[in-house]
Amino acid sequence: ATTALPGGLAQRSLGDAWPLAAWAAGDRQGARPLTELRGRPLLAAAGLAAPDKFFAMLEQAGLAITRLPLPDHHGYATLPWPAGTAEVVTTEKDAVKIDPARVGSTQVWVVPLDLALPAELVGELMSWLPAPTPP
C-alpha cells in the first residue's frame, strides 16, 4: 500500500477472444472463449507499458504464444508482425488502431482486459452517491 487510506485491489482477468472485424463492429456473436485458441501457435502483440503481464495472463489461460512486445502507445502505421502470420492476439488498446481491412489473411483476435473492483469498495462508493430522485 502506498497510502494509509483504506482501499481495495482490482482483479484483472481476460475476456473472450473476438475476431478483429467483429470486435470493431460490436458484434458480440463473434466472441469465442479463450479455450478455443489453445493448441494453436499464436503471436501475441501488445503495445502496453507492461506487456509481460498481458502475455503471462494469456499463458496462464493455456495459450501457446510468441511474445511481441511493442512500445507503449504503438501506432500501428505498419503491421508489426511478419507477413504470413496466421493468428495474432492483441488487446483492445491495440485493436482500436488496427484497420481490419489491412490485416490480410492474418486472423487477429482481440482479448479484452477486464477489471473487477472488490464488492465492498463498490458498495462504499455507491453509498457516497446521492439517492436517485423520482421522475
(request) Write out, first by first residue and then by second, each pair whose Cβ atoms fall under 9 Å of each other, whose residues are 6+ apart or on separate chains, and whose first residue, in segment 73-88, is free of Cβ contacts under 8 Å to residues at least 40 places away in the same chain and aromatic (Phe, Trp, Tyr) while the second is part of a loop (DSSP other than H, G, I, E, B) and open to solvent by 40 Å² or more (accessible area, probe 1.4 Å). (result) TYR76/LYS97; TYR76/ASP99
(message) Step by step: first the residues of segment 1-43, then only those that are of a type in the set (D, E, K, R) and either under 28 Å from VAL122 (Cα atoms) or not in a loop (DSSP other than H, G, I, E, B) (or both), then the one that is least open to solvent (accessible area, probe 1.4 Å). Which residue is that?
(response) ASP16
(message) Show the residue pairs meeting these rules: Cβ distance below 9 Å; 6+ apart or different chains; first residue within segment 28-52 and acidic (Asp, Glu); second residue open to solvent by less than 30 Å² (accessible area, probe 1.4 Å).
(response) GLU36/ALA17; ASP52/ALA46
(message) So, TRP109, is that one touching a helix residue (DSSP H, G or I) at 6+ places or on another chain (Cβ under 7 Å), of a type outside the set (S, T, N, Q), open to solvent by less than 80 Å² (accessible area, probe 1.4 Å) and part of a strand (DSSP E or B) or not?
(response) yes
(request) Kindly establish whether LEU115 is at negative phi, in a loop (DSSP other than H, G, I, E, B) and of a type outside the set (Val, Ile, Thr). (result) no
(request) Taking the residues in segment 44-82 that are among the charged types (D, E, K, R) and either more than 22 Å from PRO19 (Cβ to Cβ) or in contact with a Phe, Trp or Tyr (Cβ under 8 Å, 6 or more places away or on another chain) (or both) as candidates, determine which candidate is surrounded by the most Cβ atoms within 10 Å (Cβ to Cβ). (result) ARG67
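The values are calculated or read from the model by the stated rules, or taken from the named source; none is laboratory data. Here the structure is a predicted model, which means the values were calculated and not measured. Every residue, glycine as well, gets a Cβ built from its backbone with ideal geometry; the counts of neighbours run over all protein chains shown. When the accessible area is computed, the model is the full protein with side chains, heavy atoms only, and any ligands, DNA or RNA have been set aside. Shrake-Rupley method; radii C 1.70, N 1.55, O 1.52, S 1.80 Å.
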